[in-house]
Amino acid sequence: MKGSSYSGYKSFIAFVVMACLAAAALAGNFYDDMDITFGNERAKIFNGGQDLSLSLDRYSGSGFQSKNEYLFGRFDMQLKLVPGNSAGTVTTFYLSSQGAGHDEIDFEFLGNSSGNPYTIHTNVYAQGKGDKEQQFHLWFDPTAAFHTYTIIWNSQRIIFMIDNIPIRVFNNNEAYGVPYPKSQPMRVYGSLWNADDWATQGGRVKTDWTKAPFTASYRKFNADANIIGPNQKSTTSDNNKAWSTQGLDAAGRNRIRWVQSKYMIYNYCNDITRFPGGLPTECKRSKFL
Ligand SMILES: *[C@@H]1O[C@H](CO)[C@@H](O)[C@H](O)[C@H]1NC(C)=O
């Protein structure tokens, strides 16, 4: 009796330990996953690899990139943005391939003067061509706490999500001649830099360097993705992964409608003056752009 409950207790403890290890593995470790690429000591990995912070002063910003390259996957990152007067600063979390004709999937967070909202800027580049911007305000203060920003990238579509709420879908419309990122592996990048020539209120509001250094925090990076690299024999089949076919269900469609009707502040697909020759093809095809 005693023995069996003791062994039950032991297996319970073993289960808890394994669950914690699994959770830790899932959350990733910045020492294992990322390289600091610029800014020297302005970029810091700490707390045993669980946290990463970037800072910006008048001499430099800072940034990191993933050690791995990926071809399709689900990429989650928690971010807490520069608080207070963040005007002129841009914090990023994005995927990009390298070289000419590159592909890129962007989240950029454009700072603002105190009390004014951040702008979340999204874009997709395929074979070197972008010009697919959508911008949003947020339904929360992104500097007060960590929130989860997600890019789902599969062969059919790209979904941008915030706290699991889809804000944007970019569909694969290759059948109609629209380039789609699907063959160039990408790395994950994060950076904090000064863009006061354009970022805040069209460049009118400049960075207040008396408030420097500015700091943004990252944690809980997770890539559930196909890793491409020298140690990888071939692209692993993504057929059994939820992200590989993920689209929007009814709840997702309701949520994206809510976000796009209340929080979208710019959509290239509505910018007729920018495309006098006619809106891009995908704008006519997709309901949720
Ligand atoms: C900053 O605040 C202004 C005023 O509320 C707003 O129009 C703008 O979209 C905000 N974001 C940026 C990046 O300028």
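The values are calculated or read from the model by the stated rules, or taken from the named source; none is laboratory data. Just so it is clear, the structure is predicted and the values come from calculations on it, not from any experiment. Positions of Cβ are backbone-derived with ideal geometry, glycine not excepted, and every protein chain shown enters the neighbour counts. With ligands, DNA and RNA removed, areas are computed over all heavy atoms of the protein, side chains included. Shrake-Rupley method; radii C 1.70, N 1.55, O 1.52, S 1.80 Å.
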Charged-residue dipole, Cβ positions (Lys, Arg, Asp, Glu), the chain about Cα centre, Debye nearest 20: 680
Three-way shape label, the chain, alpha-carbon gyration tensor, a/c 1.5: oblate
Solvent-accessible area, 1.4 Å probe, carbon plus sulfur percent, for the chain: 52
Nearest 10 degrees, 0 to 90: helix 2-27 Cα axis against the chain principal axis: 20
The chain - accessible surface per residue (Å², probe 1.4 Å): 49
Euclidean distance of C-alpha centroids, segment 142-214 and segment 235-285, integer Å: 14
The chain: most fluctuating residue of I159, I265, I227 per GNM, C-alpha cutoff 10 Å: I265
Rounded to 10°, Cα long-axis angle of helix 250-262 versus longest principal axis of the chain: 40
Rounded if a/c under 1.5, otherwise prolate or oblate - segment 132-289, Cα gyration tensor axes: oblate
Greater than 31 Å apart at Cα, pairs in K182/K211; K80/K132; K67/K206; K132/K211; K44/K211; K132/K206: K182/K211; K67/K206; K132/K211
MRE, 222 nm, helices only [DSSP H, n ≥ 4, -39500 (n - 2.57), over the chain, to nearest 500]: -5000 deg cm²/dmol
